[in-house]
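Trainee: Supplied in structure tokens, the structure appears directly below.
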Amino acid sequence: MDKAVFPAGAYCRAVEGIIAAGQRMDRHGWVPATAGNISIRLPDGNLAITRSGGHKGLLGADGVIAVDMAGVPLNAGDRPSAETLLHCQIYAHDPQAGAVLHGHSVASTVLSMLGGDALVLEGYEVQKVFAGQTTHGARVHVPIFDNDQDIARLSRVVAPHLDGMRAGYIIRGHGVYVWGADMDTALARLEGLEFLLACELEKRKFG
């Protein structure tokens, strides 16, 4: 199926938004090499998502493809990221989700490998970037799931916890997943989470 089936403006805006998000994430060092993936929900319910294997800071229009809600490419021959199913899962679970971001920062990678099934963030003003957080005194739980190359199996492990995720989640030794109603919201939440994770990592360095 040719991409012309989409409303040209909507698809082009999605591609532009994904390219800009990739550049912003790259500037922070959150998508090294070909790591990470980025998606936007299109008006018809399909998704625009980064193609497998591309550097997110160097994306062009050909680095973004369209898939349906099962992760199947709408153009024969397109190769989506192996983790496309995790994006689809978030969109299916949350009808308000309009953008999903996945990055591989140093802080999320290191902290998640220190053990435990969650990180608890408390006392930070920035945590109010997450939905439902109105005070720095609240406790924000960020679940950590063991990495698994079987993405379908990993998605089944994640599924029961999605309702309680205000700040996204972390795959151990891998990186974070964050989403929002639109790309601006998703980016704000990603930057907030990454700031808090960096603070936690610094705190642990000082004991």
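Trainee: Quick one: length gained pulling residue 148 to residue 10 fully straight, 0.36 nm per residue minus the C-alpha distance? Present the calculation step by step, with values, prior to reporting the outcome.
Mentor: On the way: separation 138, 0.36 × 138 = 49.68 nm, distance 3.38 nm.
Here the segment from residue 148 to residue 10 would lengthen by 46.3 nm.
Trainee: What's the FRET efficiency of residue 195 with residue 23 using the Cβ-Cβ distance as r and R₀ = 30 Å, to the nearest 0.05?
Mentor: For residue 195 and residue 23, the calculated efficiency is 0.95.
Trainee: Rank 166, 41 by accessible area, highest first, at a 1.4 Å probe radius?
Mentor: 166, 41
Trainee: Nearest 10 degrees, 0 to 90: what angle lies between the long axis of helix 84-93 and the longest principal axis of the chain (Cα atoms)?
Mentor: Compared with the principal axis, the helix lies near 80 degrees.
Trainee: Out of (i) 18.5, 60; (ii) 16.5, 56; (iii) 16.3, 51, which label holds the value of Rg and Dmax of the Cα atoms in Å that was computed here?
Mentor: Evaluating Rg and Dmax of the Cα atoms in Å on these atoms matches (ii).
Trainee: Taking R0 as 45 Å, what's the FRET efficiency between residue 79 and residue 114 from their Cβ-Cβ distance, rounded to 0.05?
Mentor: So, using R0 = 45 Å, E works out to roughly 0.85.
Trainee: Now a separate question. What is the distance in Å between the Cα centres of region 77-112 and region 160-207?
Mentor: Centre-to-centre (Cα) distance: 12 Å.
The values are calculated or read from the model by the stated rules, or taken from the named source; none is laboratory data. Keep in mind the model is a prediction, meaning the values are calculated, not measured. Counting neighbours? That spans all protein chains shown, and the Cβs are built from the backbone with ideal geometry, glycine included. Keep in mind that these areas ignore ligands, DNA and RNA; they rest on the heavy atoms of the full protein, side chains included. Shrake-Rupley method; radii C 1.70, N 1.55, O 1.52, S 1.80 Å.
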